[in-house]
Every structure is written in structure tokens, then in C-alpha cells.
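Worksheet: one structure, shown below.
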Amino acid sequence: MSTLTKQDTFIGLLDTAPNNFSAARTLAKESYLSQGIPVAKAEEYKFSNIGKKLEQNISNVAPAQPFEVTSEMVHSSIFAGYEGDLLVFSNGKFLPQLSSKIEGVEVSLISEKNDLAIGSIAKPEKDAFAAINQASFEDGLFISVPKKAQIERPILLLSFNQANGGQVIQPRFWIEAGDFAEVTFIDQSISLGDNSYFVNKVIELKGGVNTHLKYYRLQNESKSAIEVSNIETDVQKDARFTSVNISLSGDLVRNNLSLNLLGSNSEGNMYGIYLLNGKSHVDNHTNVDHTIPHAESNELYKGILADQSRGVFNGKIFVRQDAQKTNAFQQNNNILLSEDAIINTKPQLEIWADDVKCSHGCTVGQLDEEALFYLQARGIDKTQAKGLLLYAFAGEVLEKIEEESFRVYCDTLIQERLGSKF
Amino acid sequence: MSKDNSILEEFTSKEYEHGWSVNFEADEAPIGLNEGIIQWISAKKEEPKWLLEWRLKAFRIWLTMTEPEWANVNYPKINLQGLRYYSAPKQKKSAKNLDEIDPELIAIYERLGISLNEQKRLEGIAVDAVLDSVSVATTFRGTLSKLGIVFCSFSEAVKEHPDLVKKYLGSVVPMTDNYYAALNSAVFSDGSFCYIPKGVRCPMELSTYFRINAANTGQFERTLIVAEDESYVSYLEGCTAPQRDENQLHAAVVEIYAGAHAEVKYSTVQNWFPGDKNGKGGIYNFVTKRGICAGDYAKISWTQVETGSAVTWKYPSCILKGDHSIGEFYSVAVTNNYQQADTGTKMIHIGKNTKSRIVSKGISAGKSQNSYRGQVQVMKRADNARNFSQCDSLLMGDRCGAHTFPYIDINNASAKVEHEATTSKIGEDQIFYCNQRGIATEDAVALIVNGYAKEVLNQLPMEFAVEAQKLLALTLEGSVG
């Protein structure tokens with residue numbers, strides 16, 4: 001249990017909470033009060049001192065008010081070639097007039113769904129920030145994909161964030177997909193201005209039997225953005241969950257990505273890239289919980305760290321006693337490009353069942369000198385050769401994105417970064 | 001399945017073979033812990049004033065600390081006030097040679113298979129035998145002293161080599177290091193001291209054999225090994241304890257100092273009483289072991305075979321301070337019944353071109369929990385650091401657990417660090433392959449486990465390897481995955 005510090009700064013925020021979901025909010029508030037903001041010594045936040053960061057940068061712990069977003073802003077922000085649907089947000093508030101009507105999918109505000117079991121997937125007792133969000137979120141979005149619906153067009157969650165005095169933005173989503181449904185989400189945030197703000201996001205995803213949920217995310221906000229997200233998914237029998245998380249920027253970013261495999265033959269795939277420069281600090285905590293027999297999980301996270309950036313990776317795999325015949329694989333590879341870059345990685349396995357195949361691998365290293373030499377011998381200069389090799393290193397994750405326009409977009413961003421940087 | 005069960009049953013009901021105890025008159029401290037007790041221990045051991053002050057300082061620091069709770073182990077809290085901090089067999093003064101030692105004490109060690117009689121011993125191993133709080137005898141001291149090697153009990157070292165002790169005591173494991181290290185610094189009773197002068201290659205294995213005999217006694221020994229530049233020593237440690245219903249605490253500190261081009265090899269076969277098959281009794285083994293490669297090209301290698309203790313909490317570590325220094329950690333940890341082990345290592349790369357290698361093999365059976373917890377840290381100036389870690393777990397039975405907590409913290413772009421871990425059970429296909437070739441299932445398991453642990457067992461000195469293999473066979477024969 002972490003020690004309490006600076007609780008009071010967030011207490012004010014908790015008091016601004018609306019009156020709905022009072023049971024869930026009270027529970028979350030109590031949970032937060034017992035946890036407090038994690039301090040440097042807290043094991044889960046050991047390398048990411050978010051409490052201190054917030055203290056230094058978030059001067060005004062109050063909800064950031066929504067601001068005007070125009071359709072021109074939306075159009076110019078959507079990446080080239082994208083033809084899917086669109087849901088637009090301003091500082092976490094849903095803007096229906098700028099969003100698409102999505103055929104076959106129910107979209108409504110969480111405040112209109114009074115009997116929604118919020119906090120039943122991303123439980124407030126697991127993380128102080130999830131608790132803060134649950135206790136004090138203004139409103140959020142409920143997205144429901146009915147049984148057997150095959151939503152072919154992806155859904156882009158496009159958030160515009162801006163704060164003038166270091167305020168707090170708390171988006172919240174509840175996404176459910178019925179049995180045999182398939183749906184793809186792309187989550188992207190755009191920073192307007194360079195002011196610091198704190199995004200405290202919670203997404204709860206619920207997949208039925210044999211659903212396929214795909215969640216792609218691009219984090220390329222301003223260098224002063226602070227973000228904590230708790231994204232947790234429950235899936236049932238035969239279901240699949242695939243996520244790709246690409247982090248390119250941010251002052252301090254913490255992603256808690258959790259997956260609970262609740263039915264046999266379910267499968268989880270988690271992929272990620274963190275390509276950082278400047279003083280960016282990105283912390284990926286993933287958690288796969290195998291509770292039942294015959295499930296599989298794969299995880300691959302790759303990091304390239306330049307300048308004074310810091311990457312943190314903590315991958316947990318839990319295999320419960322009943323989860324026999326589990327296959328779980330996890331890999332984390334890192335390349336440090338500068339003397340001042342830091343990587344803290346902890347691939348963690350906790351296994352209580354015996355008939356399992358679990359492995360994890362982790363490396364920290366440099367580019368292969370021989371590969372560099374090979375390219376140079378063929379007339380490619382060193383900088384370009386390095387960029388090429390790093391691009392190939394990241395490519396293994398990029399190719400997991402099935403939505404082509406998004407993949408091309410991320411690809412371009414990464415190439416630009418590698419080209420300009422190396 | 002029923003065959004598997006019967007074999008497992010047989011395996012889990014195996015008795016601990018060193019579970020006996022001996023009654024003899026002992027010289028004991030009163031139960032409890034306070035400054036008075038520390039003064040009592042210090043006076044008993046006729047220690048100089050500086051050491052008493054050092055102890056008291058540690059005690060005062062300890063009072064401000066709280067028991068660590070981060071380890072992945074569960075056990076009822078120990079009442080540290082309910083323990084006895086000193087217990088020694090009554091002897092007629094200090095024995096100058098073996099003839100003067102109480103034959104009853106010699107008999108204890110004979111029964112453990114440790115002969116204190118130099119003539120009867122295999123050539124090549126000098127033993128310091130520690131019973132409860134004191135060292136009973138140290139063999140081959142004469143032979144060693146001709147080379148300038150000091151190998152004696154810690155209490156003697158304090159008297160005869162106070163400068164050396166003063167210089168190195170607490171230099172690797174400071175008293176502020178952790179809760180149990182502070183406690184040990186305050187109340188440590190005896191242990192071994194070993195000093196290898198510059199350029200000397202120790203001609204025989206040095207060994208300490210620890211035995212807890214008395215009930216309700218904590219054992220707090222302290223081992224200090226100093227290898228000066230260009231020296232070499234191989235050091236062995238063995239331990240057993242009687243079978244008792246209550247838990248006993250063993251909180252030792254081992255410090256190793258290696259100078260430039262020195263090499264220290266430290267091997268342990270830990271076989272403390274693990275508790276009975278219902279998890280009753282057993283030793284709590286909370287040990288701090290750390291070595292420092294202070295000079296360039298120094299090398300420290302830890303090899304451990306952990307089969308005993310109810311709860312193990314032990315992380316032999318290397319501080320690679322000298323350039324080109326090397327740290328190694330080889331471990332086989334076997335847990336059965338209700339045993340819990342949280343063990344691993346820390347490799348701290350400070351110097352340039354330092355290398356470390358970690359090979360950890362965990363085997364869990366019964367209802368035991370086996371965790372590997374390790375850290376590889378490459379500091380900012382540690383250019384070209386290299387680490388390879390491998391930690392594998394083998395699970396036998398569906399009620400046991402295997403956990404891995406590797407921390408990899410890299411702050412230098414030229415570091416190359418690799419970590420890999422696997423968890424699995426013995427494959428049915430492997431067993432089948434052996435069966436096909438006429439190898440019975442039980443033998444096949446032994447074969448596979450031995451092959452699995454071989455990489456570590458190969459690192460052990462001959463005599464220890466034999467003991468370790470016997471222990472492994474005893475613990476694991478017949479357990480079918």
C-alpha cells in the first residue's frame with residue numbers, strides 16, 4: 001500500500017463530481033483515500049514518480065472545460081486515407097455534431113445509462129488513478145456493438161486536448177461487444193498548445209463469446225502532456241483481443257493495459273512501440289490474467305530511446321491455478337541510443353499452474369555492427385543505415401496494425417522521427 | 001494418474017535426514033533482545049570496545065527499521081523477543097587442538113558426515129564447524145597459515161586480526177542495509193573469517209559447516225572473506241538443523257571483498273530443515289550475501305543449491321566496481337511441500353567492461369512457491385557492460401507456483417543485456433522418449449531434472465557436487481510431472 005501524499009489536491013476534484021452513479025463514486029472515493037497518489041517508493045510506480053510530476057505541473061486540479069472544436073480542425077487532423085467512422089471529443093467531452101452516425105452501433109453518454117456497472121472491469125482498488133476517474137468523471141461514452149455485428153469500418157476516437165492552467169481531463173469509455181461481434185477502435189489525441197495538462201483516462205472493454213476486439217492507439221501529444229490511462233478488457237470464450245500501442249511523445253505517460261481472459265480458447269495479443277526523444281518518459285504496465293485453461297497470450301513491446309528519454313516496461317503474466325494448458329509469451333526489446341537514456345524493464349511471470357508453456361525474453365542492446373557495415377558497404381551512409389535498421393526493428397510491431405491507413409500513418413511518423421533524429 | 005499420485009506421495013513424505021538433535025549442556029543467553037543482551041554477548045566473547053559500540057549502533061539503527069514485506073512469501077511473524085540470541089556448547093576453555101574438543105561435539109559432525117579429524121579427511125578441504133552460536137573447530141589452520149592465509153572463526157579473528165576485521169567488517173553489507181542485516185550486525189555470534197594475502201592461491205577448498213542444534217535460538221553468523229589482489233579462493237558452506245515444530249530464524253550476513261585480479265568462488269548447499277510435509281516448523285532463512293569486485297579484473301562467483309528452509313529470502317549479489325570485473329550467479333532452488341523460496345541475485349555494474357551471468361533454475365513441487373527475484377543494474381558510467389540471465393522454472397504438481405521478478409535497469413547505451421525465462425513442466429513426450437528406451441519413469445524424471453540443473457551443478461566443487469546431486473535425487477526422485 002502506497003503512502004498518502006498530496007491527497008488533498010485531488011480531494012477538491014472529487015467534490016466536483018456529478019450526482020449520478022453515487023454507489024460507484026463513493027466506493028471509488030474510499031478506495032482512492034485508502035491508496036493515495038503513489039509515491040516514489042510504491043512498487044507499481046517505482047520508476048514513474050507521477051505524484052511529483054503532477055505537483056510540479058498541474059497547478060490547478062480542476063476539470064478542464066471543453067473548448068470549441070471546428071469541423072476544419074477535425075478534417076485537418078484526420079490522417080490521410082482514413083475512411084472509417086469518427087467520434088470527436090473536446091477535453092474528454094463528446095461532440096455529437098462533429099461525430100459520425102455509426103451504423104449498427106449504439107453510442108450514448110454514460111450518464112444516460114444509469115444501470116451501467118462502471119468500475120466492474122477497471123476496478124478502482126487496483127489503481128489510484130482509476131479510482132479518481134471513477135469518483136469524479138463528468139461524463140463518458142458508452143459504445144455497444146450488438147451480437148454478430150461485423151463492424152468493418154474502424155471507429156476513430158479523436159480527442160482534442162487543451163488546458164490553459166494545467167488542468168485535469170478525465171475521459172471515460174465503456175465499450176461492449178456482443179457475442180461473435182468484431183470491431184476496431186483507433187484512439188488518438190491531439191494537443192492544442194504546449195500547456196501542461198493531465199489526462200486521466202479509463203476505458204473498460206467487455207467482449208462476449210467469440211468476439212474480436214481491436215484497439216489501436218497512437219500517443220503523440222505535446223511534450224508537456226501528462227497522462228495516466230487504465231485500459232482493461234474482459235473477454236469470454238473463443239474471443240480475441242488485439243492491441244497496438246504506439247507512444248512517440250509525452251512528458252510522463254503511464255499506460256496500464258490489462259486483459260482478463262475469462263473463457264477457454266480466448267486469445268490476447270498486446271503489441272507496443274515506444275520511440276522517444278527529448279525528456280519523454282513512457283511507462284507501459286501490461287497485465288494478462290489467465291484464469292481459465294486453454295488460453296493464449298502474446299506480447300511484444302519494443303523500445304527505442306534517444307536523448308534523455310526514459311522507457312519503463314513491466315509486463316505481468318498471471319497464470320491461475322486452474323489455467324492449465326496456458327500458452328503465454330512475452331518479449332521486450334530495447335535499444336538505447338544515447339548515454340542519457342534509461343530503460344527499466346521488468347518482465348514478470350507469476351505461475352500457479354503446472355501444465356503451461358510460458359516464456360519471456362528481454363533484451364537491451366545496440367544495433368548490430370555487422371548489419372550496419374553490410375548496409376554501409378552497399379553505399380548507404382551510416383545515419384541512413386541506422387535509421388533503416390531501427391525502422392526494421394520497429395516494423396515487427398507496426399505490421400500488427402491491420403487498418404492500413406492507420407498503419408501507413410504511424411509508419412510515416414516513425415520514419416520521420418528516425419530520419420530527422422538519426 | 002494414480003501411479004503419479006502414489007509416487008508424488010512417496011516423494012512428499014520423505015523425511016528430512018538431518019532432523020535429529022543432541023542434548024548437551026549449553027551456555028545460553030537469556031531470552032529476549034535489548035542492549036543488555038548485546039553487551040552480554042559481547043562480554044561473553046571478550047570483544048574489544050569498538051566492536052561492542054559497532055553492535056550497539058547497529059541495534060539502534062535496527063530499532064528504527066521495519067520488517068520488509070515485499071518478498072513473495074507468507075509466514076507468521078517471528079517474535080524476535082522470544083528468541084535466544086546466544087547458545088554455545090559448554091567447553092573447557094578454548095580448545096587448542098582437536099584432542100581437547102568435547103568428543104560429543106566431534107560426534108555430531110561425524111554424524112553429519114563432516115570429519116574434523118584432519119587425518120581422516122579427504123585431502124583438500126579445511127573446515128570451520130559452527131554449532132549454534134560458536135565455532136567448534138577449524139581444521140588445517142597450520143597448513144594454511146604457512147601461506148599467510150587466515151582461516152578461523154570470526155571471534156578469533158576479532159582477537160587476532162582486529163585491524164583486518166575492523167577494515168572490512170560492514171564494508172560490503174553496511175549495517176543500515178536492511179532489517180535482517182542490521183539485526184545480524186547487532187547480535188552476530190560467530191562465523192568464519194578468511195583472508196587470502198596478495199598473490200596467494202589457496203591450495204584447498206575452505207568450508208564452513210553450520211549446524212543449529214538448540215531450540216528457540218536464532219542463528220546469526222557472519223562470514224567475511226577478503227581476497228587481496230591476485231589471490232584465489234574457493235569457499236564452501238553447508239548447513240543443517242534439527243527437526244523441530246517451531247520455526248527457527250537464521251539471519252546470516254556474508255561479505256566478500258575481491259581485490260584486483262582476485263577470484264572468489266562461493267558455493268552453498270543449503271539444507272536447513274524445511275518443515276514437515278504439513279508445513280509445520282522449519283527454518284526461516286533470511287540471509288544477506290554480497291560481494292564486491294573492488295579491483296579491476298576481479299571475479300566473484302556464487303553457486304547455490306537451495307533445498308531446505310521453510311522460507312528462504314536470499315539474494316547473493318555482486319557489485320562490479322572494478323573495470324573488467326565479472327560476477328556470476330548459479331542457482332538451483334528446489335521447493336517442496338509448503339516451502340517458500342524468494343531468491344535471486346543483484347548484479348550492479350559500475351566499472352567499465354564488466355560482465356555478469358545469471359543462471360537460475362527453480363524446481364517447485366507439492367504446494368510450494370518458488371520465486372526468482374533479480375536485478376541487473378547498469379550504471380551510467382559502466383560502458384560496455386554485458387549481462388546474460390536465464391531463469392527457468394520447472395513445475396511438478398498443480399498446487400505449486402513459480403514466479404519471476406527480474407528488474408532490468410539500464411542507464412548506459414553501450415550495455416548489452418539479455419534476459420530469458422521459461423516455465424514448464426517435464427514434457428510427457430520427454431518421459432515417453434525415455435520409456436521407449438527402457439528407462440523407467442522415475443529414472444527418466446531424475447535424468448531430466450539432473451540435466452536441467454546440470455549447468456549449475458557443474459559449477460560446484462567435486463565434493464559438493466556429489467552431495468548436491470544426492471540431495472536433488474532424494475528430493476525429486478519419483479516426482480512425475
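The values are calculated or read from the model by the stated rules, or taken from the named source; none is laboratory data. Not measured: the values here are computed from a predicted model. Cβ sites come from the backbone with ideal geometry, for glycine too, and all protein chains shown count toward neighbours.
Within the range B:343-354, one or more residues are more than 9 Å from chain A (Cβ to nearest Cβ), more than 17 Å from residue A:333 (Cα to Cα) and surrounded by fewer than 20 Cβ atoms within 10 Å (Cβ to Cβ).
Restricting to the range B:212-237, give me the number of residues that are among the charged types (D, E, K, R) and either more than 17 Å from residue B:155 (Cβ to Cβ) or modelled with pLDDT of 95 or more (or both). Qualifying residue count for the region: 4.
Of all residues in the range B:139-162, those being free of Cβ contacts under 8 Å to residues at least 40 places away in the same chain and part of a helix (DSSP H, G or I) number 6.
Identification of helices (runs of 4 or more DSSP H) wholly contained in the range B:12-122 with 2 or more residues that are surrounded by 15 or more Cβ atoms within 10 Å (Cβ to Cβ) and at pLDDT 70 or above yields B:35-44, B:49-63.
Every residue, every condition in (1) farther than 30 Å from residue A:32 by Cα; (2) touching a Ser or Thr at 6+ places or on another chain (Cβ under 7 Å); (3) crowded, with 21+ Cβ neighbours inside 10 Å; (4) of a type outside the set (Gly, Ala, Ser), yes or no:
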site	(1), (2), (3), (4)
A:71	yes, no, no, no
A:79	yes, yes, no, yes
A:114	no, no, no, yes
A:119	no, no, yes, no
A:146	yes, no, no, yes
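Just one of the listed residues (A:289, A:340, A:283, A:322) is buried (at least 16 other Cβ atoms within 10 Å of the Cβ), within 20 Å of residue B:393 (Cβ to Cβ) and not assigned by TED's automatic domain parsing to the domain that holds residue A:45, and it is A:289.
Would you call residue A:172 without any contact (Cβ under 8 Å) to a residue 60 or more places away in the chain, of a type in the set (D, E, K, R) and buried (at least 21 other Cβ atoms within 10 Å of the Cβ)? No; evaluated as a whole, the condition is false for this residue. Among the residues of the range A:348-365, is there at least one that is within 21 Å of residue B:407 (Cβ to Cβ), within 7 Å of chain B (Cβ to nearest Cβ), in contact (Cβ under 8 Å) with a residue 24 or more places away in the chain and assigned to a loop (DSSP other than H, G, I, E, B)? No, the conditions are met nowhere in the range A:348-365.
Of A:88, A:61, all but one fail to be part of a loop (DSSP other than H, G, I, E, B) and among the aliphatic types (A, V, I, L, M); the exception is A:61. Is it the case that the range A:358-380 has a residue that's polar (S, T, N, Q), surrounded by 15 or more Cβ atoms within 10 Å (Cβ to Cβ) and closer than 30 Å to residue A:79 by Cα? No, there is no match, as no residue in the range A:358-380 is polar (S, T, N, Q), surrounded by 15 or more Cβ atoms within 10 Å (Cβ to Cβ) and closer than 30 Å to residue A:79 by Cα.
So, of the residues in the range A:325-337 that are buried (at least 24 other Cβ atoms within 10 Å of the Cβ) and touching a Pro at 6+ places or on another chain (Cβ under 9 Å), which turns out to be nearest to residue B:410 (Cα to Cα)? Across the range A:325-337, the extreme among qualifying residues is A:332. Look at the range A:399-421: where a residue is on the phi < 0 side of the Ramachandran plot and a partner is surrounded by 15 or more Cβ atoms within 10 Å (Cβ to Cβ) and part of a helix (DSSP H, G or I), sitting 6+ places away or on another chain with Cβ atoms under 6 Å, you get A:401/A:407; A:411/A:398; A:414/A:394; A:418/A:387; A:418/A:390; A:418/A:391; A:419/A:387. Within the range A:325-347, the set of residues being at the interface with chain B (Cβ under 7 Å from one of its Cβ atoms), under 18 Å from residue A:268 (Cα atoms) and out of contact with any strand residue (DSSP E or B) (no Cβ under 6 Å at 6 or more places or on another chain) is empty. Candidates A:23, A:28: the one that is surrounded by fewer than 19 Cβ atoms within 10 Å (Cβ to Cβ), assigned to a helix (DSSP H, G or I) and outside the structural domain of residue A:403 (by TED's automatic domain parsing) is A:23.
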